[in-house]
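The values are calculated or read from the model by the stated rules, or taken from the named source; none is laboratory data. The structure presented is a predicted model; accordingly, all values stated were derived computationally and were not measured. All Cβ positions, even for glycine, are placed from backbone atoms using ideal geometry, and neighbour counts span all protein chains on display. Surface accessibility is based on the protein's heavy atoms, side chains included, excluding ligands, DNA and RNA. Shrake-Rupley method; radii C 1.70, N 1.55, O 1.52, S 1.80 Å.
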Amino acid sequence: MSPARHDILVACATAAATAPHTHLLSAEERRQARGYAPHRADEFTAGRTLLRWALERALGRWTRTCRIGSTDRGKPVLVDLPGTGISVSHSQGTIAVAVAAGRAVGVDVQVPVPPTQGLLRRCCSPAQQRELAALPAERQAVAVARRWAIHEACAKVTGTTPINLPAPHPGALLADGGSRRGLRWRVLHPLRGVAVCVAYDRPQNPATLALALLAPHRAPAPRPHPPEDGPTSP
């Protein structure tokens with residue numbers, strides 16, 4: 001698939017679903033994984049495998065040889081294609097990655113957990129906390145996971161904002177999209193009960209999102225995700 005100028009591909013999978021595709025990893029990535037503790041090695045391998053899978057579908061097979069590095073803050077970058085943004089996120093065995101042509105991107109996935117008061121203060125404004133209190137108990141953890149994913153994804157776009165201390169974003173608690181401080185963000189719904197958010201810069205340029213799910217033993221093509229901004233300009 002050849003993306004349009006500003007298209008963004010978000011791919012999601014479980015760690016188990018990435019296992020048949022580890023042949024996509026480079027020799028350097030395999031060496032790097034061996035240097036980690038077992039849990040971290042499994043996480044790195046799954047995330048990097050899904051990223052390689054997404055890169056090939058977004059840009060082509062040539063990306064199998066594309067070098068992936070990182071900034072001093074740990075933000076992944078394409079060494080051979082610095083104008084294309086990439087991002088990786090993990091949460092309890094679920095992985096999300098993003099590839100964005102022509103702009104910086106951040107993605108975050110969150111498996112819901114019972115929210116603490118400290119987490120509520122960090123990711124929900126007072127107005128959002130009042131909305132949360134009115135929700136059924138079984139929906140509250142998912143709602144908080146959405147808000148936390150928004151903050152993490154936006155912080156990952158530049159890789160300079162400390163992602164553990166985000167300021168609450170304004171707006172409705174269950175909003176699926178918004179803009180703030182030169183970024184636009186979208187909440188996606190690839191997997192039931194899991195919160196995924198993608199954020200990107202240059203919001204004045206229309207973007208079209210594609211969402212891909214990697215299932216075990218097969219590699220489905222990306223399916224269009226309804227764009228918030230409208231179709232990509234030629």
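Quick rundown of the values:
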quantity: Protection proxy ranking of 112-121, 168-177, 201-210 - average other beta-carbon atoms within 10 Å, highest first; calculated: 201-210, 168-177, 112-121
quantity: Convex hull of the chain built on C-alpha atoms - directionally averaged projected area, nm²; calculated: 12.5 nm²
quantity: Cα gyration tensor category, rounded, prolate or oblate, for the stretch 45-102 with a/c compared to 1.5; calculated: oblate
quantity: The stretch 95-106 - phi-based ³J(HN,Hα) in whole Hz, Karplus 6.51/-1.76/1.60, Gly and Pro as x; calculated: 10, 9, 9, 9, 10, 10, 7, x, 7, 7, 9, x
quantity: Added length on full extension, which subtracts the Cα-Cα distance from 0.36 nm per residue, residue 133 to residue 72; calculated: 18.0 nm
quantity: Peptides ranked, highest mean first, by Cβ atoms within 10 Å: ranges 30-39, 182-191, 102-111; calculated: 102-111, 182-191, 30-39
quantity: Space enclosed by the convex hull of the alpha-carbon atoms of the stretch 30-168, per residue, Å³; calculated: 127 Å³
quantity: Net charge contributed by nearby residues that have their C-beta within less than 14 Å of residue 77 (K/R +1, D/E -1); calculated: +4
quantity: Around residue 120: net Lys/Arg minus Asp/Glu count, Cβ-Cβ under 12 Å; calculated: +3
quantity: Estimated FRET transfer efficiency when R0 is 25 angstrom, pair residue 181-residue 122 (beta carbons, to 0.05); calculated: 0.90
quantity: Packing-based ranking, highest mean first, of 7-15, 54-62 given that Cβ atoms within 10 Å are counted; calculated: 7-15, 54-62
quantity: Charge dipole (the stretch 16-101, unit charges on Cβ, about Cα centre) - positive-most of 94, 55, 65; calculated: 65
quantity: Accessible solvent surface per residue of the chain, calculated while the other protein chains remain in place, 1.4 angstrom probe, Å²; calculated: 47 Å²
quantity: Rounded percent of accessible protein surface that carbon and sulfur make up, the chain, 1.4 Å probe; calculated: 57 percent
